[in-house]
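The next block holds one structure in the form of structure tokens; read it before the comments.
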Amino acid sequence: VVISQRAHAPAFLGRAMATAHEPAREPALAATLAEEDLEAIFEEEQDAGLLRRRPWPVNPRVLALGVLALVVLGSVALLFGTRAVAVAGTAGRVGQGVGLSAEDAPSEYCAEFLNKHGFGDLTIQVYDFSLGVAKKIKKDIQGSAGTVAAAHLKDPTVNLFEVGACSGENAGVAWFYPDKSADKDGAFLLADSECRRMNSALQGMKVDDMCLGIYRTPTVQAINAVLEERWADSHIVHMVIGGHGSDDTVNEGTLSLSKIGGVERNIRAELFEEEGSEESQLAALIHRKMAKTGTLFLDSCFGGINGMAQMVSETMPEHWVF
């Protein structure tokens with residue numbers, strides 16, 4: 001029985017059933033059968049095992065178009081999915097388990113971390129990078145003071161924070177975050193999440209031989225000055241450069257460092273390859289100051305898609321850039 005020729009085929013039988021032994025009925029005959037008669041006929045045939053499922057017709061052209069549509073949809077999903085991961089990562093996550101700290105973030109781990117290492121010298125200053133002098137000494141003390149130090153890590157006005165003899169031959173971590181003027185929302189404060197990263201980078205190093213330097217630099221020139229004056233060549237085992245990033249296309253991205261008097265000071269991705277630019281000097285200094293197995297974290301919105309991470313990586317291909 002061809003289902004399409006039965007005007008009242010029961011719904012429970014589906015749309016593609018037929019018998020192997022019975023010829024198709026005429027449409028006129030099918031139209032005159034009562035619904036209960038049709039049900040009785042199909043129940044008998046089903047009980048006798050005579051019903052079989054007719055295979056769906058396969059049209060090669062339709063199949064090809066379907067496959068093409070799936071490929072296109074998959075590509076679009078992958079493209080936007082990848083971008084979403086990058087955006088999500090820069091909106092406060094830099095990878096699973098790594099976050100950027102705000103004002104209400106805890107600092108207990110920072111205090112333990114600083115006390116555990118028992119650093120000798122601790123310098124906490126409000127520094128004038130344009131003049132190269134400290135404008136105000138927040139705290140300049142000797143010995144262990146983890147709790148006090150941890151509190152100052154969340155103070156955005158403290159722009160020079162060093163633990164250990166960073167201007168000598170000590171190796172360690174150099175951490176660059178933006179000036180307060182370029183971080184109105186307080187997204188780049190330092191608390192337990194950042195201290196865990198610092199601790200991981202310093203694992204295995206002797207306390208007397210290491211340095212932790214944290215700087216809130218307002219310009220690329222200031223970063224260059226810190227690297228040149230306070231760090232020996234090949235002594236940075238881990239570096240962080242952070243700041244709000246722009247949602248731009250590849251090689252046109254920026255990383256905001258400060259906004260003073262209405263003037264924005266940024267790191268610009270396109271200038272890394274421009275000879276004589278401050279960015280090209282920064283790239284050369286990073287390359288020279290990093291240890292052989294040193295790594296670099298870029299804590300910046302859209303840094304993975306606006307070209308900032310790519311340009312940094314291309315200047316130092318032998319190092320991992322995250």
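The values are calculated or read from the model by the stated rules, or taken from the named source; none is laboratory data. Predicted model, so just to flag it, every value in this text is computed and none were measured. Neighbour counts are summed over all protein chains in view; Cβ atoms, including those assigned to glycine, are modelled from backbone coordinates with ideal geometry. The protein model used for the area step is the full one, side chains on, heavy atoms only, and it has no ligands, DNA or RNA in it. Shrake-Rupley method; radii C 1.70, N 1.55, O 1.52, S 1.80 Å.
Close amide H partners of Leu189, meaning residues 5 or more places away or on another chain with modelled amide H under 5 Å apart, are Ser101. Between Asp128 and Trp320, the contour length at 0.36 nm per residue exceeds the alpha carbon distance by 66.0 nm. Working from label points 7 Å from Cα in the Cα-to-Cβ sense, the Glu273 to Leu68 distance is 3.6 nm.
Taking a virtual spin label 7 Å from the Cα of Lys135 along the C-beta vector, which residues in region 169-185 bring their backbone nitrogen under 11 Å of it? 180-181, by backbone N distance to the label point.
Just the protein heavy atoms count here, and of the accessible area of region 247-322 at 1.4 Å, carbon and sulfur take up 50 percent.
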